[in-house]
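This report concerns only the one structure given below.
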Amino acid sequence: MTDRAHLSLGDAQYEFPVVEGSEGERAIDIRDLRQRTGHITLDPGYANTGSCESAITFIDGERGVLHYRGIPIEQFAAEPNFVEVAWLLIFGALPTAEEYAAFAADLTRHANLDEGMKHHFEGFPRAAPPMAILSAMINALSCFHPELIELEDAERFRMAAARLISKIRTIAAYAYRHSRGQPYIYPDPRLRYVPNFLHMMFAQPYVEYDCDESIVRALNLVLILHADHEQNCSTSTVRMVGSSGANLFASCAAGVCALWGPLHGGANVEVLDMLERIHGGQLTVEEYVRLAKDKDSKVRLMGFGHRVYKNFDPRAKLLGEVAEELLAKLGVKDPLLDVARRLEEIALSDPYFVERKLYPNVDFYSGVILRAIGIPTNMFTVIFAIGRLPGWIAHWWEQRSEGSRIARPRQVYVGNTGTDYLPMERRS
Ligand code: SDX
């Protein structure tokens, strides 16, 4: 197989190197294209453009494969441990027992927020969108930890990573408690990562939250399955912002904003709204599928389709299983799960979806699980952000460690030419 790409422009002939990744992906390296040819490429949405080389996550969209640092995600399902996977993504290998114990102790030690941050929560309206609060408060963390703004060495980076991963739970829980006018529940140092989050979310003063082990297991796996996903919109945003030299807190706060969008992490909220509209009788499953196929309706089958997966999203498969198992263990019958299964069945036999290779994605079943845990719909994307945070941190540090250039795409200008300034009185 050739390792050079040939380009002819007019009478000129050019050759560009072809790079090959460790899983056999091939890319034409065009970093000197404009300098040599005077041309740039045009690729709206970057569907054909690699922004970097990365060793963190690999997706094979055609085969429905997802690996974290080379490990298939299915292998994390037996004993799901989100903290262990966070370490793997950020530091490149599964933690030893000592590394794990030290990291877990750091997460426990740094779960509290500075008491001064509580005033910020009080300043938000009760109905404030939790993703707005999350982004604002992650940014605010840098005001309370100025020593972690400049991360000049790996040790300081590790401290910042641990504080962010620990405190995002507390910020999320406090946002939830504030929205309900409930008192904030301090983190309990006796509890592990996920049980401590559930404690802060659902305990009451002097009333312990009874933490069902099947819920802890399910939420660990939900967070693991959201932990990283190559150069998705929010991770690319974190890299873009970080490439300017912006600190880790600012970069992750920007990632939260990108994730909020309904085409990205916000889809898990849209999926629940869709399932509830169908279950509530506003539309039948068949009517909704018909609308989703009709371009003029502007309706999409939320939780379906993916830029990379042109086969089943392996996360959706696992989350569908987790939903069934958790509801059975909790003795809960959720009609929305039946609606989701029915939607999936109809869509996967409909030529419109089959021809476009539209399958359920990570957002299709996650909401049913979070609902069974008692997490309200408007907190679903916040849970996605808690899961995705280690991936954002890993990419930010990979980029920072490589000393990459500031990200600054080009464009093709199609606006006015030869235009002069007109005084106000001569404008029509
Ligand atoms: C996430 O990138 C990541 O990795 C993201 C993510 C991660 O872990 O970070 O996996 C998380 O964001 C998952 C996706 C969540 N979003 C949704 O579920 C929203 C519904 N899905 C779509 O909006 C869409 O599928 C996207 C946004 C996910 C992908 O968009 P693309 O790749 O730009 O695809 P497209 O919009 O160009 O669609 C191609 C065709 C179009 O039809 P034609 O013009 O070819 O006739 O498929 C159609 C689209 O109309 N289509 C859909 C559809 N998704 C695509 N039609 C109906 N329902 C859908 N859901």
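Just a few scattered comments:
- Those residues of region 371-408 which are of a type in the set (A, V, I, L, M), crowded, with 17+ Cβ neighbours inside 10 Å and over 15 Å from residue 57 (Cα atoms), in sequence order: 372, 373, 375, 379, 382, 383, 385, 386
The rows are residues; the columns are (1) within 20 Å of residue 334 (Cβ to Cβ); (2) of a type outside the set (Gly, Ala, Ser); (3) modelled with pLDDT under 95.
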residue: 349; (1), (2), (3): no, no, yes
residue: 369; (1), (2), (3): yes, yes, no
residue: 380; (1), (2), (3): yes, yes, no
residue: 392; (1), (2), (3): no, yes, no
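- The lone exception for residue 267 - which of (1) over 28 Å from residue 92 (Cβ atoms); (2) without any contact (Cβ under 8 Å) to a residue 40 or more places away in the chain; (3) near the ligand (Cβ under 10 Å from one of its atoms); (4) hydrophobic (A, V, I, L, M, F, W, C) it fails: (2)
- Within region 354-370, being within 10 Å of the ligand (Cβ to nearest atom), surrounded by fewer than 21 Cβ atoms within 10 Å (Cβ to Cβ) and at negative phi holds for 355, 356, 358.
- Within region 281-317, the set of residues being over 15 Å from residue 364 (Cα atoms), without any contact (Cβ under 8 Å) to a residue 40 or more places away in the chain and among the basic types (Lys, Arg) comprises 290, 295, 298.
- Residue in region 1-21 that is assigned to a loop (DSSP other than H, G, I, E, B), closer than 30 Å to residue 95 by Cα, within 16 Å of the ligand (Cβ to nearest atom) and over 18 Å from the mean Cα position of the chain (by Cα) present: no
- Residues of region 295-324 classified as more than 9 Å from the ligand (Cβ to nearest atom) and not hydroxyl-bearing (Ser, Thr, Tyr), total: 15
- Taken together, 278, 215 contain a single residue that is more than 29 Å from residue 115 (Cβ to Cβ), of a type outside the set (D, E, K, R), over 12 Å from the mean Cα position of the chain (by Cα) and within 16 Å of the ligand (Cβ to nearest atom), which is 278.
The values are calculated or read from the model by the stated rules, or taken from the named source; none is laboratory data. No experiment lies behind these values; they were computed from the predicted model shown. As a convention, Cβ positions derive from the backbone with ideal geometry for all residues, glycine included, and neighbour counts pool all protein chains shown.
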